[in-house]
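Here's the structure we're looking at; comments come further down.
The values are calculated or read from the model by the stated rules, or taken from the named source; none is laboratory data. On a predicted model such as this, the values are computed, not experimentally measured, just so you know. Here the Cβ positions follow ideal geometry from the backbone for every residue, glycine too, while neighbour counts run over all protein chains shown. We work out accessible area using only protein heavy atoms, side chains counted, and drop any ligands, DNA or RNA first. Shrake-Rupley method; radii C 1.70, N 1.55, O 1.52, S 1.80 Å.
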Amino acid sequence: MSLSRRTARIVLALLVAGAALMVGVMIASGARDFGTSLSRPPCTPAPAFPGDGLDATLQRVVLDGLEGAACELGATREELVLSLAPSDIRPRDIRWDDATIQRAVRSGLVQSIDQAEDRGSLPGPLASVLRAVAERAPVEFLINRGGDLAGIVDAVRSADPGDLLRLLGRIDPGDLLDLIRP
Amino acid sequence: MPPAAARRAAVIALALAVAVAFADSSIVVLALPELYTEFETSIPGVAWVVTAYNLVVAVAAFALRPALRRMRPAPLLLAGLVVFLGASVACGLAGDLAVLIIARCVQGLGAALVLAASLPIMVALAATAETGAMRWAAAGAVGAAVGPALGGVLTELASWRAIFIFQAPVAAVALIALAVPAARALGPERPAPRAHTGAANWGLVFAFGALVGALFLAVLMVVTVWDLGPLAGAVVVSALPIAALLVRPLSVALSPVEGVGGGALLLAGGLAGLAFLPTVSPALAAVCLGVCGLGFGLVVPPLTRASVPGVEGLGQRATVSVGARHAGLVLALVLIAPVVATGLERGGEVATINATAVVLDAEIGVDVKVPVALALRDEFERTPRGEVPDLARPFDENGAGDDEAVRSARDDLVDAIQAALTRGFRYAYLLAALFALLVPLPLLIARLARRPA
């Protein structure tokens, strides 16, 4: 196939224009934000975790607690969570020691539990137990035994809510902490 | 065999050897993750498997220029093919990284000899000097562009060792070119007459530098980050050589200035497209690589003709042309490698943060979320170095097969990580696009310098 010089020039011009258009469309289609951080800036109000029931309530409490703790440290929620992770996936610019992180996490969780109780989304006895856990249980324990906690939530789901609340009301948070402390 | 058939067979065999010598610049790229793991080395360490070859070809090609005025091309080609063959086998059998890098250096020396001596022989075997030079240039361009795809196929079908073992018979078969009397009869070259080839060679430096962006970075992205595997990666990357071949009728019809100028814009456009991908899409990457291929196919033929003009001193000019191409590859590797390393390090940090955000916000029950989060942490810890953690597995083991919400969380996590790492390539691609934009600059400067005041 042989092309005339004029046709070749037109084809070349179209190809170059097409390439420029392609790049323009890509930038307009979201290339600018593609792959950027999904983290919200510290202390930015986050949308509430959706859903009803105990599971969603617990997740809202934990996520709000983490938001509050991160805000206190001037960090994002994700930076705070990763600061608790093993060193190889921990962000390089962690600027707090473990004691500061634990203090912030406890304070954020307790505040979040208080707010959930005030809103009436967390029953009082359950709020007391969770508050005791948040105030006293080692943060590493909560992470490493998270699977067990998930199992407890499973049990909570299958139990009769009325019986459960009565049972929770009789539990002494201090005794509970003595049981789960490693 | 009748003389005409023997001549045809010799041309094909020699063209294949030239293509393989050029392909060797990039053929091993798709196997780098495998080499990284097998030899338990670092990223700069494994990069030397590519850099060492290109560096030795560049240096040896320039050094061989005076030798072509004293020696006949046939013995040089014989020496080159034997050295290349032996070194290819040594690469394929290498037991550690140091041996592999040394064998790659020797292979580069053999390739430089083959590439320098093959052009005069190719011309001697052709009806006209122009036909011979065109065949040599076409074999080189196809080889350079097809290298990663070929390496990917061989790695997937066998192992990285097959890449090198496969080259030995190609070098051995090329020895039949020396059986043709016209090839053996060539004497040492007379000194090449003075010609303005500097600008074209500088253009080749930048064009092959840009090729590093299109091939090396795209291969790393689709195989390592997008987890496509060497064979699927080879299919995506094949868009480049296919487009480079398809654009040939256009290249023939355009003037050299139009070809180089338009080709440079297309090459830069394709690289900019790769830099600004809005999503993880192998199809879109293939389109961008196709645009790069169109540009490469337009830029290289006129630059090659300008760098190896006339019939006098072909071998001497070929050595400089070969040296310029490989110097461009080395220059780009040296400049682009730290940029992509920094980009990927930052991309890795963003990927970790985004993965955390996805897990925290996933609309799945806490009874699934907590085990998944812990399993993800364990997956990071137990993944051997050089391998990408299988982050989908914790979701699959916790009901992604049946539960739409878990499946959706898994897909969001993988997408978030791939997106952040893909963005990590952006500045490296843009640097390669800058190389592409610089291709016509030396020609422009030379034109202005030659214009009477």
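Given the peptides A:66-76, A:3-13, B:155-165, arrange them by the average over their residues of other C-beta atoms within 10 Å, most packed first.
Ranked by mean Cβ neighbours within 10 Å, highest first: A:66-76, B:155-165, A:3-13.
Please list 3J(HN,Hα) in residue order for segment B:53-61, calculated via the Karplus relation 6.51 cos²θ - 1.76 cosθ + 1.60 where θ = phi - 60°; whole Hz, with x for glycine and proline.
Here the 3J(HN,Hα) series is 4, 5, 5, 5, 4, 4, 5, 5, 4 Hz.
Short version: what are the Cα gyration tensor semi-axes of segment B:1-189, square root of 5 times each eigenvalue, largest first, in whole Å?
30, 17, 13
Could you tell me the convex hull volume per residue, in Å³, taken over the Cα atoms of chain B?
Hull volume over Cα atoms, normalised by residue count, gives 143 Å³.
What spacing in nm lies between the two simple spin-label points modelled at A:ALA17 and B:SER281, each 7 Å away from Cα in the Cβ direction?
That separation, rounded to one decimal, is 2.2 nm.
Compute, for A:SER39, the solvent-accessible surface of its heavy atoms (probe 1.4 Å) with the complete set of protein chains present, and express it in square angstrom to the nearest 10.
30 Å²
For A:LEU122, what residues show an amide H to amide H distance below 5 Å, using hydrogens built from the backbone and excluding near sequence neighbours?
A:GLU117
Per-residue mean of other chain beta-carbon atoms within 10 angstrom of the beta-carbon, peptide A:4-11?
Per residue, the number of nearby Cβ atoms from other chains is 4 on average.
Quick check for me: using +1 on Lys/Arg Cβ and -1 on Asp/Glu Cβ, what's the dipole size of the protein assembly as shown about its Cα centre, in debye to the nearest 20?
That gives a dipole near 5140 debye.
Using Cα atoms only, what is the angle between the long axis of helix B:73-93 and the major principal axis of chain B, expressed in degrees (0 to 90) to the nearest 10?
Once rounded, the angle reads 20 degrees.
Counting C-alpha atoms alone, how compact is segment B:192-270: give Rg to one decimal and Dmax as a whole number, in angstrom.
Cα only, segment B:192-270: 15.7, 52 Å (Rg, Dmax).
Considering only B:ALA103, B:PRO120, B:VAL20, whose Cα is most displaced toward the positive end of the charge dipole of segment B:17-136, charges sitting on Cβ of Lys, Arg (+1) and Asp, Glu (-1)?
B:PRO120
Counting Lys and Arg as +1 and Asp and Glu as -1, each charge on the Cβ, what is the dipole of chain B about the Cα centre in debye, to the nearest 20?
3340 debye
Between B:ALA341 and A:ALA99, what is the FRET efficiency for a Förster distance of 35 Å, r being their Cβ-Cβ separation, to the nearest 0.05?
Calculated value: 0.50.
Largest first, what is the accessible-area ranking of A:CYS43, B:CYS105, B:CYS288 with a 1.4 Å probe?
A:CYS43, B:CYS105, B:CYS288
Please quote Rg/Rh for the protein assembly as shown to two decimal places, taking the Kirkwood radius as Rh and restricting both calculations to Cα atoms.
Radius of gyration over Kirkwood radius for the protein assembly as shown works out to 1.12.
To the nearest whole number, what is the average tally of beta carbon atoms from other chains within 10 Å of the beta carbons of peptide B:266-273?
The per-residue average across the peptide is 5.
I'd like the interface area for chains A and B: accessible area of each alone minus the complex, both sides summed, 1.4 Å probe, protein heavy atoms only. What is it in Å² to the nearest 100?
Buried: approximately 4100 Å² between B and A.
What are the ³J(HN,Hα) values, in whole Hz, obtained from phi via the Karplus relation 6.51 cos²θ - 1.76 cosθ + 1.60 with θ = phi - 60°, for each residue of segment B:231-247 in sequence order, with x given for Gly and Pro?
Couplings: 5, 5, x, 4, 5, 4, 5, 4, 4, 5, x, 5, 5, 4, 6, 5, 7 Hz.
Determine, at each q value in 0.15 (inverse angstroms), the log₁₀ of I(q)/I(0) that the Debye formula gives when each Cα of segment B:197-453 is one equal point scatterer.
For the requested q values the scattering log ratios are -0.99.
When ligands, DNA and RNA are left out and all protein chains stay put, how many square angstrom of accessible area per residue does the protein assembly as shown have with a 1.4 Å probe?
For the protein assembly as shown, the per-residue accessible area is 43 Å².
Residues of segment B:274-290 losing 30 Å² or more of accessible area relative to the isolated chain, 1.4 Å probe, heavy atoms only?
In segment B:274-290, residues shielded by partner chains: B:PHE276, B:PRO278.
About the Cα centre of segment B:1-189, what is the dipole size in debye to 20, counting +1 per Lys and Arg Cβ and -1 per Asp and Glu Cβ, all else neutral?
Once rounded to the nearest 20, the dipole reads 860 debye.
Determine the shielding of peptide B:408-421 by partner chains: average, over its residues, the number of Cβ atoms on other chains within 10 angstrom of each Cβ.
For peptide B:408-421, the averaged partner shielding equals 1.
Between segment B:238-252 and segment B:99-164, what is the C-alpha centre distance in whole Å?
If we compute the Cα centre of each part, the gap is 19 Å.
So how far, in whole Å, is the C-alpha centre of segment B:211-237 from the one of segment A:46-78?
39 Å
Quick one: 3J(HN,Hα) in Hz for segment B:223-229, Karplus 6.51/-1.76/1.60 with θ = phi - 60°, rounded, Gly and Pro as x.
Per residue, the Karplus-derived 3J(HN,Hα) values read 8, 7, 7, 8, 6, 7, x Hz.
Given points 7 Å out from each Cα along the Cα-Cβ axis, report the B:LEU437 to B:ILE165 separation in nanometres with one decimal.
4.7 nm
Identify, among B:PRO181, B:MET221, B:ALA244, the residue whose Cα sits farthest towards the positive end of the charge dipole of chain B, taking +1 on the Cβ of Lys and Arg and -1 on the Cβ of Asp and Glu, with the dipole about the Cα centre.
The listed residue farthest towards the positive side: B:PRO181.
Check which residues have an amide H placed less than 5 Å from B:MET71's amide H, if you skip close sequence neighbours.
Those qualifying (amide H under 5 Å, at least 5 residues apart or on another chain) are B:GLU189.
Among B:PRO282, B:ALA432, B:GLN316, which residue has its Cα positioned farthest towards the positive end of the charge dipole of the protein assembly as shown, with +1 placed on the Cβ of Lys and Arg, -1 on the Cβ of Asp and Glu, and the dipole taken about the Cα centre?
Looking along the dipole axis, the top candidate is B:GLN316.
Apply 1/(1 + (r/R0)^6) to the Cβ-Cβ distance of B:ARG194 and A:SER29, taking R0 = 41 Å, and write down the FRET efficiency to the nearest 0.05.
0.20
Averaged across orientations, what area in nm² does the convex hull of the alpha carbons in segment B:107-238 project?
9.9 nm²
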